[in-house]
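We did not get these values from a lab; they are worked out from the coordinates using the rules stated. None of these values were measured; they are calculated from a predicted model. Every residue, glycine among them, receives a Cβ derived from its backbone with ideal geometry; neighbour counts consider all protein chains shown.
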Amino acid sequence: MGIRERKQRERERRKRQILEAAQLVFPANGFRKTTMEDVAREAELSPGTLYLYFNSKEELYASLTFGFLRRFISRLKHIDTGSEAEPLQIIKGLLDAMVDVYEMDPAMLIHLVHLQSSETLYDIPVHLKSEFKELFRSSREAIAKVVHKAMSIGRVRAANPLILADILWALFSGVILREESKRFINGSTRYLRQHLDIAFEIFTRGLELQER
């Protein structure tokens with residue numbers, strides 16, 4: 001391995017180290033109270049080292065969500081939408097995919113929801129903003145593709161799949177945020193899946209989705 005390859009590998013390792021530390025610090029302190037010094041302390045690095053990789057706290061916060069979105073898009077592509085799949089199975093697979101990715105890394109979804117609804121997006125570099133928009137657009141289109149497949153079977157009321165994708169995402173993230181706030185208050189999220197099941201059942205009934 002040459003010097004350039006070793007330096008690149010070391011740079012990637014250090015960047016992962018920073019992101020892992022940020023993943024612990026932001027949920028513990030909250031975005032507003034967290035400083036780059038806090039993250040540096042958790043990563044056991046100097047604050048100056050962090051600025052070699054991330055220009056600001058906002059840029060670091062935004063970078064945390066990219067991996068989550070990539071995993072989410074990948075998981076959606078593995079939903080069973082084969083010729084034998086029933087509409088309800090497809091919608092159920094969509095719910096399972098969302099929950100799987102959330103349970104893999106709950107904090108990341110919270111970061112994502114807060115990021116997309118805050119002014120932080122306006123404070124990150126243009127190239128990261130473009131990457132975030134592209135990933136978010138891809139995840140929306142992936143959801144819409146699954147919904148369209150369920151609709152194409154013919155027993156679902158016609159509707160714009162992209163609009164339905166937006167509603168599904170709002171439904172999912174809304175329930176997640178509500179359960180997170182309850183966890184903060186009473187330390188429990190044991191009803192999360194039950195609440196999501198009911199929410200998705202109401203959604204599918206609204207589409208007049210019927211089993212054979």
Within straight-line cross-link reach of Lys7, aspartates and glutamates at Cα separation under 16 Å, skipping those fewer than 8 residues along the same chain: none
Theoretical FRET efficiency, 1/(1+(r/R0)^6), r = Cβ-Cβ of Asp166 and Ile198, R0 25 Å, to 0.05: 0.80
Straight-distance crosslink candidates among aspartates and glutamates, where the alpha carbon sits under 12 Å from Lys57 and sequence neighbours closer than 8 are dropped: Glu37, Asp38, Asp123
Spin-label pair Ala159/Phe31, simplified geometry with 7 Å Cα→Cβ offset, distance in nm: 2.8 nm
Angle in degrees between helix 106-116 and the longest Cα principal axis of the chain, rounded to the nearest 10: 90 degrees
Theoretical gain in end-to-end length, Leu121 to Arg16 [0.36 nm per residue, Cα-Cα removed]: 35.6 nm
Dipole magnitude of the range 61-122 about its Cα centre (Cβ charges: Lys, Arg +1; Asp, Glu -1), debye to nearest 20: 220 debye
Ascending count of other beta-carbon atoms within 10 Å, so fewest first, for Ile143, Ile90, Ile163: Ile163, Ile90, Ile143
In degrees, nearest ten, helix 192-206 long axis to first principal axis of the chain (Cα): 40 degrees
Per-q log10 I(q)/I(0), the chain, q = 0.14, 0.16 Å⁻¹ (Debye; single scatterer per alpha-carbon; no solvent): -0.91, -1.09
R0 of 45 Å, Cβ-Cβ distance Asn186-Ser46: FRET efficiency to nearest 0.05: 0.70
Lysine-lysine proximity count for the range 64-206, Cα under 27 Å, sequence distance 8 or more or distinct chains: 12
The chain - mean residue ellipticity at 222 nm from DSSP helices (-39,500 (n - 2.57) per run, n ≥ 4, rounded to 500): -25000 deg cm²/dmol
Student exercise, the range 64-206 dipole from Lys, Arg, Asp, Glu Cβ charges, in Debye to nearest 20: 200 debye
